[in-house]
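Some notes on the structure that comes next.
The values are calculated or read from the model by the stated rules, or taken from the named source; none is laboratory data. All values reported here derive from a predicted model rather than from experimental measurement. Ideal geometry is used to build each Cβ from the backbone, glycine not excepted, and the neighbour counts take in all protein chains shown.
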Amino acid sequence: MKKLSLIAMVLATLLITCCGGPDERNVTISWDTNKEASVNRAGGGYILYYSQTSGFDTSTASSVTLSYESGSSSPTSTTVKLTDGTWYAKVIAFGVVAGSTKYSQASAEATISVHEN
């Protein structure tokens, strides 16, 4: 059984715009492209997990799935609404291998500080 490898360090780029409550921010989180072919074609993509708990378990975290749509690679960024404070993020790559969906291990955890400028 082939396993996917994830060569992605989660890079947090903070884009703060106004929306929601006074402590809620739009935060864009991006990461490096995974080179596995199955991640970057139909049935592949990434799942971004995020939580305010360091060392969080992905099964209990908030998540966003970014599936391959077209072009040479799956999307490697997304914008989420986060409240002020410290957040943590991990990324998992997925793709179809031999007819079934396979998932990589989670990336290293990245720390994101969200606050008003």
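What to note about this one:
- Residue match in region 75-92 (condition: in a strand (DSSP E or B), touching a helix residue (DSSP H, G or I) at 6+ places or on another chain (Cβ under 6 Å), over 14 Å from SER51 (Cβ atoms) and touching a residue at least 24 places away in the same chain (Cβ under 8 Å)): no
- Among the residues of region 44-60, those identified as small (Gly, Ala, Ser) and in contact with a strand residue (DSSP E or B) (Cβ under 7 Å, 6 or more places away or on another chain) are GLY44, GLY45, SER51, SER54.
- Given (1) touching a Lys or Arg at 6+ places or on another chain (Cβ under 8 Å); (2) under 29 Å from ASP23 (Cα atoms); (3) at pLDDT 95 or above, number of the condition LEU66 does not satisfy: (1)
- LEU66 without any contact (Cβ under 8 Å) to a residue 24 or more places away in the chain and either touching a Gly at 6+ places or on another chain (Cβ under 6 Å) or surrounded by 14 or more Cβ atoms within 10 Å (Cβ to Cβ) (or both): yes
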